[in-house]
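The values are calculated or read from the model by the stated rules, or taken from the named source; none is laboratory data. On a predicted model such as this, the values are computed, not experimentally measured, just so you know. SASA here: full protein model, heavy atoms, side chains in, ligands and nucleic acids out. Shrake-Rupley method; radii C 1.70, N 1.55, O 1.52, S 1.80 Å.
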Amino acid sequence: MGCCTGRCSLICLCALQLLSALERQIFDFLGFQWAPILGNFLHIIVVILGLFGTIQYRPRYIMVYTVWTALWITWNVFIICFYLEVGGLSKDTDLMTFNISVHRSWWREHGPGCVRRVLPPSAHGMMDDYTYVSVTGCVLDFQYLEVIHSAVQILLSLVGFVYACYVISISMEEEDTCRNK
């Protein structure tokens with residue numbers, strides 16, 4: 001087999017997905033975003049499974065990867081809707097932290113060009129309240145950075161889905177030819 005086969009392309013695509021998911025996982029950990037952390041963890045496991053299935057010619061593992069990519073696309077569409085506040089969702093809720101902390105996206109205060117200033121808390125405010133942090137001068141608002149991350153994940157997953165289906169069909173054809181001989 002040549003290197004430009006669907007199988008080789010799927011291996012490269014899985015490697016890209018792993019890198020992208022690991023990068024996203026790091027920034028979600030920095031922002032204590034527990035729901036995305038859990039999703040990224042599952043995604044990393046299934047992508048490794050798909051990578052293993054592709055390398056070892058195991059179409060059932062690739063099928064698991066294919067089903068997961070459909071779920072992963074759905075999750076990332078939800079993330080986009082969440083940060084763009086579509087359908088009554090609000091990025092200011094604690095939904096991504098499972099309502100156990102007041103943390104938000106790490107990009108909210110550390111985005112490109114953002115200048116973070118801690119303002120003195122008001123007399124009636126609590127010391128650990130995050131409302132006295134002022135962020136100005138951001139080149140790109142944090143919600144758009146999160147949307148870009150999700151859009152990249154969707155793009156990689158869509159291409160991965162197509163290649164995985166192709167590799168599965170080729171594997172099944174090869175199995176059928178081997179059985180008929």
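Consider all pairwise Cα distances in the stretch 31-71 and report the whole-number % of them above 12 Å. Considering the stretch 31-71, 57 percent of its Cα-Cα pairs are separated by more than 12 Å.
Rolling a 1.4 Å probe across all protein chains gives residue 107 an accessible area of roughly 40 Å². If you sort 60, 24, 7, 117 by accessible surface, 1.4 Å probe, largest first, the order is 60, 117, 7, 24. Considering the stretch 10-114 at the alpha-carbon level, its Rg and Dmax are found to be 15.5, 47 Å.
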